[in-house]
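Worksheet: the structure to be examined is printed underneath.
What follows is calculated from the coordinates using simple rules that are stated; it is not laboratory data. Predicted, not measured: the structure shown is a model, and the values here were computed from it.
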Amino acid sequence: MDTGLEDLRGRDDVATLVTAFYARAFADPLIGPIFTDIAKLDLDRHLPIMCDFWETVIFRTGGYRRNALAVHVALNDRAPLGEPEFRRWLELWTATTDALYTGPAAERAKLQAGRIAGSMQRRLAGGSGSAYERLDTRERLTASGGIDDLPAG
Ligand code: HEM
């Protein structure tokens, strides 16, 4: 079926996706308040970081070198991030991606989001999400095409 959609081609498309995702996430009754009331997220500052992250995940550009796990470990102390929150986050990410893009890069965006969300959720729940551990998008994704401690499905 021809959806009329194209695939993500680079950073501009990543920025479009991430911007659209945050519009949905901020408006969501379950997870929106975590962004707006608890983290009081400054989107102008945050969006370039998110674009670095997703460009690295989808296109392996390697520009993201921060510790995303540590950020969520700290956040989890203030607003518990559990299964319902992660499920909603992933639903919104998947729906946003599907609304805008189609193709191998869009599939990678969804697949890796699911893997990273699962890894984050397990580490937060298991108490092993030490701030010193990393969800190392750069090395592991570049080397193996997927985070290597995660199951395939
Ligand atoms: C329960 C689901 C989630 C919630 C409520 C959430 C919320 C947030 C918030 C509020 C921040 C900003 C924290 C701050 O700067 O003070 C943040 C940062 C971030 N989130 Fe999430 N997040 C969730 C899941 C995810 C997932 C599954 C991913 C990746 C697939 C992700 C990727 C990131 C990245 C890359 C950052 C930036 C970290 C940095 O500053 O380097 N988040 N998230």
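In this entry, segment 13-73 is assigned a mean projected area of 4.4 nm², taken as a quarter of its C-alpha convex hull surface. All Cα-Cα distances of segment 11-144, cut into 5 Å bins from zero to the largest, leave 2, 10, 19, 25, 25, 14, 4, 1 percent in each bin in turn.
For Glu6, the amide hydrogen comes within under 5 Å of the amide hydrogens of Thr102, counting only partners 5 or more places away or on other chains and with H modelled in the peptide plane.
Near Gly62, the amide H atoms lying under 5 Å from its own belong to Thr56; only residues 5 or more places off or on other chains count, and H is placed 1.01 Å from N. How would segment 55-108 be classified by its alpha-carbon gyration tensor: rounded, prolate or oblate, with rounded meaning a/c under 1.5 and the a/b versus b/c comparison settling the rest? Cα axes put segment 55-108 in the oblate bin. Please give the Cα centre distance for segment 106-122 versus segment 2-25, rounded to the nearest Å. Between the Cα centre of segment 106-122 and that of segment 2-25, the gap is 17 Å.
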